[in-house]
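Written below as structure tokens is the structure these notes are about.
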Amino acid sequence: MATETPAKYETFVLAQLARTGQRIRTLDLTAALLVFAAGTLAYAVAAAILDRWLDLAPVVRQAVCVIYLLTSAVYLTIFVFLPLSRRINPYFAARQLERTLPGAKNSVVNWLDLRGEDLPSAIRGAVGQRAARDVGRADLEKAINAQRTYVAGAFAAVCALAFLIVFFTLGPGLFLGYLGRIFAPFSASGKAAPPTATRLTVVKPADGNAVVP
């Protein structure tokens, strides 16, 4: 029985640390992707408005697009791909949990330090029991705050709203035409003339209704 109890505590502590690490990774990746989406929407809106206002030359749109692609590649590599390839340090997860427990006295960190040591079953069980008790009392949502993710979500929502306002203000056809020039400046659509809005005006009768067969 003495050999089963430490194993039970160890399994529970490891599971809690894994949950903590998973929450850290999920929130960090969600925030990073929301910031990327917000930046892409902001780039689309700003570039479309500038292209409509200034009729940007093809070389300018190509240079801006290359800068956007390079910046996106660097950002995604640093904040998405590299974090996915790295393991969450269990000591960092333990510290985050212990921050919510003033009386923990580094019980989880001590358990991690002593985990690989050759200890008597009684001592190992006592250390594991204390660590399991503390991680069981820890508030995971309080330990890993999602405020940064919420801020990134609000920023993305503002950019999405701006995107929709410009989309409906210019009209779907006109706005999509400018997006084609911005996101594909090396293709035929990127080298085409700026899109124009088609307007119908009744010429005759001047102040009346006209029937178009």
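The values are calculated or read from the model by the stated rules, or taken from the named source; none is laboratory data. Note that the structure is predicted; figures quoted are calculated from it, not measured. Note that each Cβ is placed from the backbone with ideal geometry, even for glycine, and that neighbours are counted across all protein chains shown. Accessible surface areas use protein heavy atoms only, side chains included; no ligands, DNA or RNA. Shrake-Rupley method; radii C 1.70, N 1.55, O 1.52, S 1.80 Å.
Checked against the criterion of being part of a helix (DSSP H, G or I), open to solvent by 50 Å² or more (accessible area, probe 1.4 Å) and at pLDDT below 95, the candidates ILE49, ILE78, ILE67, ILE24 yield just one match: ILE49. Here SER85 meets each of (1) surrounded by fewer than 13 Cβ atoms within 10 Å (Cβ to Cβ); (2) modelled with pLDDT under 95; (3) closer than 23 Å to ALA160 by Cβ with one exception, condition (3). Residue count for region 102-118, restricted to those that are out of contact with any Asp or Glu (no Cβ under 7 Å at 6 or more places or on another chain), in contact (Cβ under 8 Å) with a residue 60 or more places away in the chain and open to solvent by less than 30 Å² (accessible area, probe 1.4 Å): 1. Reported count of residues in region 88-101, each being among the polar types (S, T, N, Q) and either under 19 Å from ALA42 (Cβ atoms) or open to solvent by 40 Å² or more (accessible area, probe 1.4 Å) (or both), is 1.
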